[in-house]
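Undergrad: Before we start, here is the structure in question, set down as structure tokens.
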Amino acid sequence: MAQSGDDHSYWNATAGEGPNFPALAGDIEVDIAIVGGGIVGVTAARLLKDRGLRVALIEARRVGRQVTGKSTAKISSQHGILYQTLEKKFGEEKARLYAEAQEAGISEIARLAQVHGIDADIEPMPAYVYTNDESYVGQIEKEVEIARRLGLPASLTRDTGLPFDVLQAMRWDNQAQFHPTKYVAGLAATIPGEGSHVFENSRAIDYEPTRVVTDGGTVAARHVVMATHLPLGQIGMYYALAYPMAEPVVAAPISRVPPGMYKNAEQPGHSIRTHKGPDGRVWGIVAGNHYKPGHVDDEQRYIADIERWLAEHFDAGPVRYRWVNEDYTAMDQAPFIGWSSSGGKGYLVATGFAAWGISNGTAAAMIIADLATGKENAWTAMFDATRIKPIAGAGEFVKENAEVAAHLVSGYLSRKPKSYDQLAPGDAAILKVDGENVAAFRDEAGKVHAVSAVCTHMGCLVGWNRTDRTWDCPCHGSRFELSGEVIHGPATQPLGAKVTG
Ligand code: FES
């Protein structure tokens, strides 16, 4: 079945078909239930199984093809210019724990791929952050100084291998890139057996800390791990503590191949990595500036910007793949990983990776495996998921939640087309129909697809994602198919269908 938003990703298109896993049918009991089949959920499942536990991984769609399968998949502890922010907000010791966790995540991916013989195209590769803006030079120099103090493999250089000069850059050694969908699918394939399971096309529609209900059956467990990008529904109120950002990504074959993974410090953002495709050509995978989900004007502007940049510098062929990914950033910039309530209660959660989900996600799975089995983990001092009011992010908290309030009232998309008749083929709009807000799209065959524009999470109006042809919620990042089906939460219920008359 075509899944519009997922099929556009280069990674999903080049991963091959399998493996396929059954949907949950009936009621089962395991030790740990894990909701969400991305890198966090699948890695946690594998690590818990290694400790002799029975696990059930429950994925609403296909394993590895949502957020992980739409990322740029850099395996790196170099997260833009982050360490000076972490040190300022949390202190040197906690910044060191963050660094240690990322480096451990990198090693763990290599270990798991090797132990299980997973063909995930892992390529060792240095990572660079560079700038051509004078005002970032000092920040890059400071970042290297802090990173080295924290034990990270950082150095300053202007010799980047990019096909243009830079004012300053920092290089991280011992990093890597890989094929994220192949990795997650390969790891997931090792899980079924000895009382453990992987279920696809099984959406959690109800949940509590010891039980997950899907429309095919129920999984009872000692603990439930919410590995769903943002914890579902109202859990932990993480939707108010982390804000969603979308980023456009494109892929095209390139002739000028740079010898590393790169990201600039300034805006508009340009991030590039490469991959040798099944066709033998090297592809450039480029991500652009972040913007609020559903803000289609920004999406179109940033897509155009990265396509121009790719063509200008890397001798690129035609862009073949375009898609939009999303991630959450915590108000205080550090992920939330661990128990959702103090005293080892509630759910085990992992969210707020700020687009650095490969190393963070793997480290999160390592933490979750410890906590679920009663073991202490020193990294939890950094990632404590019960820091309910992150003081270090108070300003962001006020700003982001004010924007949410605005989207509840008016939404984003212009109301220029006033009726279904005024929608041209390929156009989308939020219409007022019989007093209700309707999200409407007319396809090239002239058929109108109309659903309620009111997000089923907390009532914001969704916005149009022209690249993926999905409805994306600017408030907390839920995404929906044209049919209203949930792509990912925090919403768990579809947008209501509308009759177009
Ligand atoms: Fe919260 Fe839409 S995701 S209102």
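Undergrad: Evaluate segment 408-428: report whether one residue or more is away from the ligand (no atom under 13 Å from the Cβ), surrounded by 15 or more Cβ atoms within 10 Å (Cβ to Cβ), at pLDDT below 90 and within 25 Å of residue 303 (Cα to Cα).
TA: yes
Undergrad: Please determine whether any residue of segment 459-472 is away from the ligand (no atom under 16 Å from the Cβ) and either in contact with a Pro (Cβ under 9 Å, 6 or more places away or on another chain) or free of Cβ contacts under 8 Å to residues at least 12 places away in the same chain (or both). Walk me through how you get there before you give the answer.
TA: Restricting attention to segment 459-472, the residues satisfying the condition of being away from the ligand (no atom under 16 Å from the Cβ) are 466-469.
Imposing the further condition that a residue be either in contact with a Pro (Cβ under 9 Å, 6 or more places away or on another chain) or free of Cβ contacts under 8 Å to residues at least 12 places away in the same chain (or both) reduces the set to 467.
Within segment 459-472 (the criterion being away from the ligand (no atom under 16 Å from the Cβ) and either in contact with a Pro (Cβ under 9 Å, 6 or more places away or on another chain) or free of Cβ contacts under 8 Å to residues at least 12 places away in the same chain (or both)), the answer is yes, since at least one residue qualifies.
Undergrad: A further question on this structure: Which of the residues belonging to segment 16-38 are surrounded by fewer than 23 Cβ atoms within 10 Å (Cβ to Cβ) and out of contact with any strand residue (DSSP E or B) (no Cβ under 7 Å at 6 or more places or on another chain)? Full working, then the answer.
TA: So in segment 16-38, the residues surrounded by fewer than 23 Cβ atoms within 10 Å (Cβ to Cβ) come out as 16-23, 25-31.
Matches in segment 16-38: 16, 17, 18, 19, 20.
Undergrad: Check segment 130-146 and report whether any residue there is assigned to a loop (DSSP other than H, G, I, E, B), of a type in the set (Asp, Glu) and either touching a residue at least 24 places away in the same chain (Cβ under 8 Å) or surrounded by fewer than 15 Cβ atoms within 10 Å (Cβ to Cβ) (or both).
TA: So in segment 130-146, the residues assigned to a loop (DSSP other than H, G, I, E, B) come out as 132-133.
From the residues that got through so far, the ones that are of a type in the set (Asp, Glu) too are 133.
Remaining after also requiring either touching a residue at least 24 places away in the same chain (Cβ under 8 Å) or surrounded by fewer than 15 Cβ atoms within 10 Å (Cβ to Cβ) (or both): 133.
Looking for residues that are assigned to a loop (DSSP other than H, G, I, E, B), of a type in the set (Asp, Glu) and either touching a residue at least 24 places away in the same chain (Cβ under 8 Å) or surrounded by fewer than 15 Cβ atoms within 10 Å (Cβ to Cβ) (or both), one finds at least one in segment 130-146, hence yes.
Undergrad: Next question. Only one of (1) in contact with a strand residue (DSSP E or B) (Cβ under 8 Å, 6 or more places away or on another chain); (2) within 16 Å of the ligand (Cβ to nearest atom) is not met by residue 237, so which one is it?
TA: (1)
Undergrad: Another question, then. Which members of segment 86-138 meet the condition of being of a type in the set (Gly, Ala, Ser) and in contact with a Phe, Trp or Tyr (Cβ under 9 Å, 6 or more places away or on another chain)? Please lay out each step first, then the result.
TA: If we filter segment 86-138 for residues that are of a type in the set (Gly, Ala, Ser), which is where we start, we get 91, 95, 99, 101, 104-105, 107, 110, 113, 117, 120, 127, 135, 138.
Of everything in segment 86-138, those that are of a type in the set (Gly, Ala, Ser) and in contact with a Phe, Trp or Tyr (Cβ under 9 Å, 6 or more places away or on another chain) turn out to be 95, 99, 101, 104, 113, 120, 127.
Undergrad: Identify, from the list 438, 451, the residue that is free of Cβ contacts under 8 Å to residues at least 60 places away in the same chain, surrounded by 13 or more Cβ atoms within 10 Å (Cβ to Cβ), assigned to a strand (DSSP E or B) and more than 13 Å from the ligand (Cβ to nearest atom).
TA: Step by step, each of 438, 451 is checked, and only 451 is free of Cβ contacts under 8 Å to residues at least 60 places away in the same chain, surrounded by 13 or more Cβ atoms within 10 Å (Cβ to Cβ), assigned to a strand (DSSP E or B) and more than 13 Å from the ligand (Cβ to nearest atom).
Undergrad: Also, I was wondering about something else. Which ones in segment 81-118 are surrounded by fewer than 17 Cβ atoms within 10 Å (Cβ to Cβ) and either at pLDDT below 95 or basic (Lys, Arg) (or both)?
TA: 88, 89, 111
Undergrad: Return yes when residue 89 is in a helix (DSSP H, G or I), out of contact with any Gly (no Cβ under 9 Å at 6 or more places or on another chain) and among the basic types (Lys, Arg) and no when it is not. Break it down into steps so the answer makes sense when it comes.
TA: On the way: in a helix (DSSP H, G or I): yes; out of contact with any Gly (no Cβ under 9 Å at 6 or more places or on another chain): no; among the basic types (Lys, Arg): yes.
The answer is no for residue 89.
Undergrad: Same structure again: So is residue 69 modelled with pLDDT under 95, crowded, with 22+ Cβ neighbours inside 10 Å and part of a helix (DSSP H, G or I) or not? Even if it seems obvious, please write down each step before you answer.
TA: Numbers: modelled with pLDDT under 95: yes; crowded, with 22+ Cβ neighbours inside 10 Å: yes; part of a helix (DSSP H, G or I): yes.
So residue 69 passes the test.
The values are calculated or read from the model by the stated rules, or taken from the named source; none is laboratory data. Note that this is a predicted model, so its numbers are computed, not measured. So basically every Cβ, Gly included, is an ideal-geometry build from the backbone, and we count neighbours across all protein chains shown.
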